[in-house]
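What follows is calculated from the coordinates using simple rules that are stated; it is not laboratory data. Since this is a predicted model, take the numbers as computed values, not measurements. Note that each Cβ is placed from the backbone with ideal geometry, even for glycine, and that neighbours are counted across all protein chains shown.
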Amino acid sequence: MTTHPPGSGGPSRRPVIRRNIGRAFTLGVVLTTAVTATGTAASAHSRPSVPDFGPNVTIFDPSVPVSQIQATLDAAHAAQVDNEMGTTRHAYLFKPGSYGTAEQPLQAKVGYYTEVSGLGASPTDVTVNGKVEVYNRCLADGGTSNCLALVNFWRTMSNLSINVNAAGQDGCRASANFWAVSQAVSLRRLNISGNLSLMDYCTAGPQFASGGFIADSKLPTTTNGSQQQWLTRNSEVAGWSNAVWNQVFAGVVGAPDDSAFPDPPYTTLENTPLSREKPYLFIDSKGKYNVRVPSAKRNTRGVSWANGVTPGYTLPISDFFVAKPSDSVQTINNQLSRGKHLLLTPGVYNIAKSIEIKRPGTVVLGLGHATLTAVNGSIPLDVAGVPGVIIAGVTIDAGLKESPVLLRVGKEHGFNFSDSRNPTTLSDVYFRVGGPHIGKANIALQVNSDNVLIDHTWVWRGDHGVEGFTEGVNGDTQRWRTNTGRYGAVINGDNVTATGLFVEHFQKYNTVWNGNNGTTILYQNELPYDPPTQADWMNGNVEGYAGYKVGDKVKTHTLYGGGVYVFNQNNPSIHTKNGFEVPQRPGVKLHHIMTVNLSAGTIDHVVNGVGDAADMTKIGAPVYLAEYPAP
């Protein structure tokens, strides 16, 4: 992702990785009758049946020996630690109980496309005595050098307690639970006791990390370290070590004060104006599987589970169609039309015709980074203009033929129904245009409905991958012509809120916000790395496209904590006139924004001709504006 913190000696490009990414992984060697891919075998006659979640979901029981669970997770990590552009997806789910002991802790490492989650009604129902970690990834010299976290994407941890125990690890590793990640990685519903570090300072450390998200969690004093931008929402923290460029807190008990901005660059909202926690799978007291669907809340602070179960409602698993990648879209749509909700088990789904969400209140929950890939220019996921739909835990990939949109919410032209009390919600929904293969899309995410909540998304046009391009400048020039994505997020609806909006590398506006009364809490953007010439990066007579564009007719809009970064590696002479572009009206307000030069190119101004240039004399040094317009 992005680059080094100030004073680190400048950035290095996010590397193009040459790996064997197609490795398949089979767990059968380490799974015994005590644990199977879809549940436990012991006492099957006396327990409710386990839903068929398919071969890519592994469910652990606390009766399983720690050594067996450890072996399973170690093998999974070995298969996935370098599998950045592969097709393997997996979820490891823990039934209520305790795992690991003081003498024999469970020390798990999490690789690409891996979910580790508890199956309790509360995060305190599942306890890991040990660690659940992500380390720097080493990309050169046989995996011994160029170690960083800038490409540690696509992994999930949620709904469990961790009593950090580093027994048996060396002195540095014993100092914290490490979670060194960048985009498309979420931490939700966690209760952590012990030290937590958001960077890995042990593996050739300290090294670089860039971007993440925490929600609904109780955290110890947390080492931010080299994390350049981060959103923590509706949580409790015992302390926070530092900020680099753009650390944002909303509704967080114990959050740092932001009055000295930009030294340090904290942005703190006392309450989160609109929030809804992500739905989660859990087992009730009778051993039955359910999905808890949290309610939308306004002006909240702290965790949702402080006084018992998270407010909302429960759906039995029988209300869901549990889909596998082998199921056709017609089968999925038929089940949806019969009133079923949709649970997508881990895997890659080839989508030649839209999955259509037409019924208000439909829940679509993906496990293990379930991925929908567009085929023949389809719109993989099309949500009608109805209220209360929830899409969570789903990744959407562009295909070889251009799609007009990858995820559409509501009709672009025509009437859409909505409900401010029950907003349609997108939680941990990620987009890719390129990466594992050439991708083409006009728009990745289009929101046409009013009253929509976007709660953590990464909308990414790939700046590297395995598309078959020649490496170096010529390869990146070819990517500009072949791996095409014009707009990342286009927001046409009114009253849309985004908490954690990460959008990168699109060829025109990365984000266009045309609806009124919009709110963004943390925006992170990298402009495209790969325009070959200035002529390729022109918006009419204007040099370049702003990373965040608020439409000219918008009357009210608020942004809290935004950053736009430039790295024109193909042609460092390229200019972008403004990082942000907004109408000059009293109702349009930007709070704590910045631009930064990662090593090449220039952003001439922060917003609307205001602010100094982020040029090659200020590499790694942000240009900040506390408020726009100035008070």
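Some points to look at:
- Segment 163-226, relative contact order in percent, only Cα pairs under 8 angstrom and at least six apart counted: 36 percent
- Packing rank of 537-548, 331-342, 229-240, where each peptide gets the mean count of other beta carbons within 10 Å, highest leading: 229-240, 537-548, 331-342
- Each 10 Å bin from zero holds the following percent of Cα-Cα pairs in segment 87-163: 18, 41, 29, 11, 1.
- Applying 1/(1 + (r/R0)^6) with r as the Cβ-Cβ distance of Asn299 and Glu356 and R0 = 30 angstrom yields a FRET efficiency of 0.30.
- Among Tyr266, Val291, Phe249 the positive-end extreme of the charge dipole of segment 173-297 (Cβ point charges): Val291
- Length available on full extension from Ala71 to Thr617: 0.36 nm per residue minus the Cα-Cα distance, which gives 191.5 nm.
- Between amide H atoms placed 1.01 Å from N, distances below 5 Å from Val132 occur with Ala108, all of them 5 or more places distant or on a separate chain.
- Cα gyration tensor category, rounded, prolate or oblate, for the chain with a/c compared to 1.5: rounded
- Listed peptides 134-144, 380-390 by packing density, highest first (mean Cβ within 10 Å): 380-390, 134-144
- Mean Cα-pair separation over length for the chain, i.e. relative contact order, pairs under 8 Å, 6 or more apart, %: 8 percent
- Nitroxide proxy distance, nm - points 7 Å out along Cα→Cβ at Asn539 and Thr221: 4.4 nm
- Near the amide H of Asn246, within less than 5 Å, lie the amide hydrogens of Trp230, all on another chain or at least 5 residues away, with H placed in the peptide plane.
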